[in-house]
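The values are calculated or read from the model by the stated rules, or taken from the named source; none is laboratory data. Just so we're clear, the structure is a prediction, and the values are computed from it rather than from any experiment. Cβ placement follows ideal geometry from the backbone for every residue including glycine, while neighbour counts extend to all protein chains displayed. When the accessible area is computed, the model is the full protein with side chains, heavy atoms only, and any ligands, DNA or RNA have been set aside. Shrake-Rupley method; radii C 1.70, N 1.55, O 1.52, S 1.80 Å.
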Amino acid sequence: MILALVVITALAFDFTNGFHDTANAMATSIATKALRPKTAVALSGALNLVGAFLSVEVALTVTNAVVKIQDKSGAPKAELLADGGSTLLLIILAGLVGGIVWNLLTWLLGLPSSSSHALFGGLVGATLAGLGIAGVNWNGDGSKLDGVVGKVLLPAVISPVIAGAVAALGTWVIFKITTGVAARFTEQGFRWGQIGSASLVSLAHGTNDAQKTMGVITLALIASGHWSDLENIPLWVKVSAAFAIAAGTYLGGWRIIRTLGKGITDINPPQGTAAQSGAAAVILASSHLGFALSTTHVATGSVIGSGLGRPGAKVRWAVAGRMALAWLITLPSAALIGALMFWVGDAVGGTAGALVVFTLLCIASVAMYLRSRTGKVDHENVNDDWDGDSPSTTGTPATTSSVPAVAAN
Amino acid sequence: MHNLGFALDGAWQVLIAGLALGAGLPILFALGIRSLAWGAGAATVTTPTSAPAGRRPLGTALGYALFAVVIIGVLLGLTFIVSSGFGYKLDFSHIYPTLVAK
């Protein structure tokens with residue numbers, strides 16, 4: 001029963017991961033009209049699906065980056081299995097709920113925050129509540145880049161700067177090269193440049209992010225004794241996680257797409273090409289070198305960079321600043337929700353506790369969905385001018401006032 | 001603080017790779033577009049006063065050659081993603097890329 005709730009919640013997280021991150025790949029192509037909004041999300045969804053299947057590497061040890069609930073081989077720690085794994089399952093459940101609630105809340109505010117950080121934050125919080133401070137892998141063991149500091153905090157600071165520098169340089173040189181070239185060549189050419197580079201980002205996203213959910217679900221299966229193979233992931237887990245992230249991507253987080261594509265800076269096709277190529281290169285290079293990073297931070301950094309690199313373009317620093325603030329509080333906020341959920345679930349106890357946590361998640365999700373109906377952003381109005389009286393998705397008093405209501409959940 | 005050292009160590013490698021591929025390839029792509037335009041006589045900066053010049057096959061050929069380089073770069077990127085998933089890695093120690101088992 002608890003296991004079923006964990007699996008459903010993990011797939012739900014995967015789904016929010018998908019729609020939260022559509023923007024990373026497709027916001028620029030949508031903003032420059034290189035692709036029609038619906039086409040863009042369909043392409044990105046399909047590539048996420050392909051990407052999720054392409055990578056067969058076992059991501060079973062995904063939680064090891066931030067918490068100590070598994071050993072190096074990926075098996076759950078023996079002492080956590082003493083009670084039939086129910087504490088471990090509750091930690092995972094509470095952590096996932098923390099990740100989902102934070103993803104939905106930032107989506108409601110149109111802020112591109114990192115889904116991986118939300119998941120890690122939720123897990124850290126739930127582990128703190130369940131196992132105490134020693135259960136968290138703060139700083140690694142000194143042999144490699146690891147722990148909350150090495151896998152989350154430092155990359156979050158460094159990766160947007162790198163991506164921004166790459167995109168700024170790329171944009172600047174491209175504008176130097178193509179000044180004066182007839183529009184019929186630049187328009188068509190960079191349209192394809194954008195589609196190609198955005199597709200690469202989508203594919204890389206599918207290979208990276210769907211893995212995390214697969215790892216978490218498999219960990220839950222092992223903890224409850226339904227799976228014992230540490231080398232492989234059950235096929236149904238792989239298929240369902242791949243479809244969950246693809247469906248989420250296809251749904252499209254229009255609010256976030258709007259912020260990234262229109263809010264930070266006004267993007268044109270050459271900029272979009274430079275931004276997405278920079279993002280794709282940085283994501284691929286990092287995963288090759290084992291430098292953990294968030295697709296969101298890279299994509300945002302490169303969009304800002306492309307705004308800095310284009311002569312005459314302006315970056316809306318107020319929007320960028322609000323985003324940076326969201327990044328800073330993602331980990332602690334998701335951790336807080338994760339911890340609260342663990343306490344609630346633990347206080348009620350057993351299957352009933354897990355049910356209560358799951359119900360709270362449903363209530364919070366429905367509340368935020370209903371809230372999103374006012375000031376709706378979808379594929380129809382995603383490209384409206386940012387400075388105008390179009391439905392604003394960020395920072396209005398009305399939207400921020402929903403924060404306490406959700407925190408109360 | 002060991003993490004900071006590892007992070008900075010990884011960061012400059014990512015920066016170099018990012019600049020080479022993330023800025024380099026789109027720049028080649030832009031050069032390709034310019035060559036193509038020049039080949040068709042439409043890059044206006046080189047001939048600001050005259051009407052569109054005649055066709056220049058060299059420019060067209062160069063343009064497509066540059067696009068080919070970019071496409072090869074992208075294909076290498078794709079090979080990289082796919083191969084690492086199947087337990088191979090792209091090895092550049094022979095200059096040209098080869099697939100080796102991890």
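Determine, from the Cβ-Cβ distance of B:Thr98 and A:Lys33 and an R0 of 45 Å, the FRET efficiency 1/(1 + (r/R0)^6), rounded to the nearest 0.05.
0.65
State log₁₀ I(q)/I(0) for segment A:276-361 at q = 0.23, 0.25 Å⁻¹ as given by the Debye formula over alpha-carbon point scatterers of equal weight, solvent excluded.
-1.05, -1.13
Specify the inter-centroid distance of segment A:228-250 and segment A:1-79, based on alpha-carbon positions, in whole Å.
9
What ratio of Cα Rg to 2.2 N^0.38 Å holds for chain A?
0.95
Over both sides of the B-A contact, add up the buried accessible area with a 1.4 Å probe and give it to the nearest 100 Å².
What B and A bury together is about 3600 Å².
Do me a favour and compute the ellipsoid semi-axes for segment A:85-191 from its Cα gyration tensor, root of five times each eigenvalue, largest one first, whole Å.
That gives 42, 19, 9 Å for the three semi-axes.
Report the extension gain between A:Phe53 and A:Ala134 in nm, rounded to one decimal, defined as 0.36 nm multiplied by the number of residues separating them, less their alpha carbon distance.
That pair, A:Phe53 and A:Ala134, stretches by 25.6 nm at full extension.
If amide hydrogens are placed 1.01 Å from N in the peptide plane, which non-local residues have theirs closer than 5 Å to the one on A:Val67?
For A:Val67, whose amide H was placed from the backbone, the distant partners under 5 Å are A:Asn137.
How far apart, in nanometres, would the label points at B:Ala68 and B:Asp9 be if each is projected 7 angstrom from Cα along the Cα-to-Cβ direction?
Here the answer is 4.1 nm between the modelled labels.
Pairing the Cα long axis of helix A:317-348 with the longest principal axis of chain A, what angle in degrees results, from 0 to 90 and rounded to the nearest 10?
The angle comes out near 20 degrees.
What is the distance in Å between the Cα centroid of segment A:170-224 and that of segment A:251-296?
Centre-to-centre (Cα) distance: 7 Å.
Pop out the carbon and sulfur fraction of the accessible area of the protein assembly as shown as a percent, whole number, probe 1.4 Å.
Roughly 69 percent of what the probe reaches on the protein assembly as shown is carbon or sulfur.
Compute the angle between helix A:2-31 and the longest alpha-carbon principal axis of chain A, please, reported from 0 to 90 degrees and rounded to the nearest 10.
10
Using only Cα atoms and rounding to the nearest 10 degrees, what angle (0 to 90) does helix A:183-223 make with the longest principal axis of chain A?
0
What is the distance, in nm, between label points placed 7 Å from the Cα along the Cα-to-Cβ direction at A:Lys376 and at A:Asp83?
4.4
R0 = 41 Å: FRET efficiency of A:Glu231 with A:Thr179, Cβ-based, nearest 0.05?
0.15
Using θ = phi - 60° and the Karplus relation 6.51 cos²θ - 1.76 cosθ + 1.60, list the HN-Hα couplings for segment B:26-31 in order, rounded to whole Hz, with x at every Gly or Pro.
So the Karplus estimates, Gly and Pro as x, are x, 5, 4, 4, 5, 4 Hz.
Between A:Val161 and A:Tyr369, what is the label-point separation in nm under the 7 Å Cα-to-beta-carbon projection?
With each label placed 7 Å out from Cα toward Cβ, I get 4.2 nm.
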